[in-house]
1. Can you pick out the pairs among A:Lys19/A:Lys468; A:Lys831/B:Lys55; A:Lys187/A:Lys350; B:Lys55/B:Lys80; A:Lys674/A:Lys805 whose Cα atoms lie more than 22 Å from each other?
2. Provide the convex hull volume over Cα atoms per residue for region A:686-833, in Å³.
3. Just the C-alpha atoms of region A:557-787: what Rg/Rh do they give, with Rh taken as the Kirkwood radius?
4. Per residue, how big is the convex hull of region A:124-238 when only Cα atoms are used? Give it in Å³.
5. Helix A:577-589 versus the longest principal axis of chain A: what is the Cα-based angle in degrees, 0 to 90, to the nearest 10?
6. Summing +1 for each Lys or Arg and -1 for each Asp or Glu, what net charge is found among the other residues whose Cβ lies under 11 Å from the Cβ of A:Thr493?
7. With each pseudo-label sitting 7 Å past Cα toward Cβ, what's the A:Glu779-A:Leu475 distance in nm, one decimal?
8. So what is the 222 nm mean residue ellipticity for the protein assembly as shown from helices alone, if each DSSP H run of at least 4 adds -39500 (n - 2.57) and you divide by all residues, rounding to the nearest 500 deg cm²/dmol?
Amino acid sequence: MKKIIVAGNGMVGYKFCEKLISKSGTDKFQITVLGEEPRPAYDRVHLSEYFSGKTANDLLMAKEDWYKQNQINLLTNHTVTNIDRFKKTVHTHNGKKYNYDYLILATGSAPFVPNIQGTDKEGVFVYRTIEDLEMIKAWGKKAKTGSVIGGGLLGLEAAKALLDMGLQKVYVIEFAQRLMPRQLDEKASAILQKQLEKLGLTILLNKNTRTITGNQAINGLTFSDESSIESDILIISAGIKARDELADKCGLEKGPRGGFKVNHLLQTSDPSIYAIGECASYEGMIYGLVAPGYDMAEVVAHNLCQPEQTKTFNGCDLSTKLKLIGTDVASIGNPFIEEPDAKTIVYEDKHKLIYQRLNITADGKYLLGAILVGDTEQYGMMLQTYLNKIVLPQNPENLLFANKATESSDNKNYLLNLPDEALICSCESVNKGAICRAIDEHQIQDVNTIKKCTKAGTGCGGCTPMLKDLLAATLKAKGVYLRNILCEHFNYTRQELFDLIRINRLHTYDDILNRFGRGHGCEVCKPAIASILASLYNDNILKQDTIQDTNDRFLANLQKGGTYSVVPRIPGGEITPDKLIVIGQVAKKYGLYTKITGGQRIDMFGAHLNDLPAIWEELINAGFESGHAYGKALRTVKSCVGSTWCRFGLHDSVSFAIEIENRYKGLRAPHKIKAAVSGCVRECAEAQSKDFGIIATEKGWNLYVCGNGGAKPQHAVLLASDIDKETCIKYIDRFLMFYIRTADPLTRTATWFNKLEGGIEYLRDVIINDSLGIAEELEKEMQILISNYKCEWKEAVETPEIRNKFRYFVNTDEKDPTVQFEPMRDQIKAKEW
Amino acid sequence: MNEVLEQTKWIKACRTTDIPENGGAAVKIGNEQIAVFNFTRTGKWYATQNECPHKKQMILSRGMIGCADNIPKVACPFHKKTFSLENGTCLSGEDYTIKTFPIKIENGYVYISINDEV
């Protein structure tokens, strides 16, 4: 049996053992692992999670038994101090000797500590091992202000850790002109910086640290520009240096920037000694990422087992996608290449803090590199395009927006045009051809089945959006109609389920799940069915409170910090001075923040769960009703002041708005519904941006439907013009019920309308010309809902069993002790999370 | 004869009827907030930390429960991160974990042990 010694038990050293065992079993080699750290290899990439509650054990790559089971002799706390290449032995710090036939150096790297005065002071740390983190955690407890030298990935992670430990001020000090200078260009860094500043970090660029001040312990830093800061703790994260001390001692060649020099077989200048991971220098390059280290481990393990068919290491693609604190960052290929070698396409959104840059060949055919900050959804697609040298679509900029513009079929066609060999899942090496064949052969209709059949998407998961698109495109090309089923528990669309529940007159979620579903439900199907039940029967929703979405469950809007906001109904935005006073009194009594909403009513924030019934009791006694601001339900009917006061008003828009709001209050639907009534064409109520809007004309009213404000504004379309009030209400009844019956869950009328085949002509046919013969039915259903309306808050306050549900703890009457507010402009705001 | 064989220290948390069917509620034990779930459909009970590790909000007891591939889970009301009720791992693919605690039902009362996590 040949003897293998692995010097170093980090991630790469471990991976080498794992790969060697899986290829050779346990009887071909006798493996000894010498690790310097006190514990077996752990996941250093996710080291920061040690701060968020993971234990050292959780982070282990494999438990200690694993080494035993595989007959690997693991010796922790053993530092290799010398190698005798002639006798083929390694020496450890405790005077032991071990023989080898092959020696694998996986000694990794150590943090690079720049030559700054005072790095030996207490409170100065590096960020590499669990022990480092333990010390940081202990010291950080008494620190108020912290700083990190180094604005690279690890430095930013360390800074986030300091923030999370509760430090009041955290500086990131970067020597270069920008953050992450090796991955990001100037504009990308600027966007990242804004995002980090939003989190509370203070970023100092162009800063050369001169001295760490303080007596025994650090109390601050001074810089070469004479400026200084206070700091009770410092983490140095200024890069890495390879652990190559053994090279000088035993005469192995080193790379130009340090590290054991290796050839394409990862052999050092002594062919029986290999080096892998961060301690290896291949073609002058040290790879500080884990993926290239794993590739190296694979090459060496393979070659030791099958020397007749050697694999070689040929460098590594360094494209990376990182979940940085608060934002996603990715770089692909050559991120910096400029004209004349490449043309760049740049998208910069300073509002949403997104930056994307594509570098394409001068002829526009191929992708050479990319930078993504704030939105990395397209990373998988771009990486494939880059790695497979896939010809770009005619408008390469569509790569940036492909998933956003659902209407644009460019993206999906583009996927279909990829060659069969295009690698979709790089973790499991699954190409497009294999996925399409699986879809065909197994008649796959969902992404999970693709994952099971092909293993694609089971690694990092980054290609899942591509799988989804590929599935949709393949099925569409085959003419298969893709049903938008609710979730894994119901193989029905919302519309199908709506009809099944209606026809079978089912009233409870459990009955419906038992008859038409499987499993135990989830946060998707429960509220969807709760909404269907409410839209069919308009019964008090708290009879089945645990299937309601959070807001509905407590009849209030959950806000940051865990408190709720309260919105009484103010129909049409009309309110008496007396009622205004009551709102003021209630808000004052319960310490609530008040704000006028966009829907012409008043929102009161910061209410404790326990206080909700008492607050509502007072509001109800003053004549208020629930405003359903918490529900996927009719919200407000906004109005302009209309002909009662306005010189231009044609009709009394306020009275009509109040009538409409009272008619539909409490109506639950697939999504929220907003409406408005304007008294003339000046449209002060902005009715054309609502789910339905009414505008006065000389001869009557115009009815608009399916408008939307919000993220994707859309003008409402004219359904009927110059109609009288009664006709208008009749059409709205039909329109709303038709929408409620047929829309997918959580779909606003505008999105529903965009998917409606036949568009406004079809809708007009159904609503006005009754082409489906259901108009009367729709009106009747609406009438049932209207006559079943009761103020649910009144019921909740008056019914002890319901009122009893509004307790924060069930074993004490205490309120949530963790709720905290901060003062702002004479009111309060929720504490930042 | 009086040797303590059972090392788990059980704390009486609340009545079983305090926790809604197929739902959860919070209890306070010392200074800890614990979310208790009554998974009526399977007849099982679960106890976890009440704090969602994502934004550090005391909220999980107000989350909807259900299952994913037969793993019982709770969904955080804030951003719909889901966690296994069995072992606390995050099921929506992120690196969070929540603590789970031993729980038992006796004579209509819920008992929880918060000394040792499951």
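The values are calculated or read from the model by the stated rules, or taken from the named source; none is laboratory data. Bear in mind that the values here come from a model prediction, so they are computed numbers and not experimental data. As a convention, Cβ positions derive from the backbone with ideal geometry for all residues, glycine included, and neighbour counts pool all protein chains shown. Remember, those area values only see protein heavy atoms, side chains included, never the ligands or the DNA or RNA. Shrake-Rupley method; radii C 1.70, N 1.55, O 1.52, S 1.80 Å.
1. With Cα atoms farther than 22 Å apart: A:Lys19/A:Lys468; A:Lys674/A:Lys805.
2. Looking at region A:686-833, the number lands at 222 Å³ per residue.
3. 0.99
4. So the per-residue Cα hull volume is 92 Å³.
5. 30
6. -1
7. With each label point 7 Å from Cα toward Cβ, the separation is 3.9 nm.
8. On the way: 27 runs with 266 residues, N = 951.
-8000 deg cm²/dmol, from helical runs alone.
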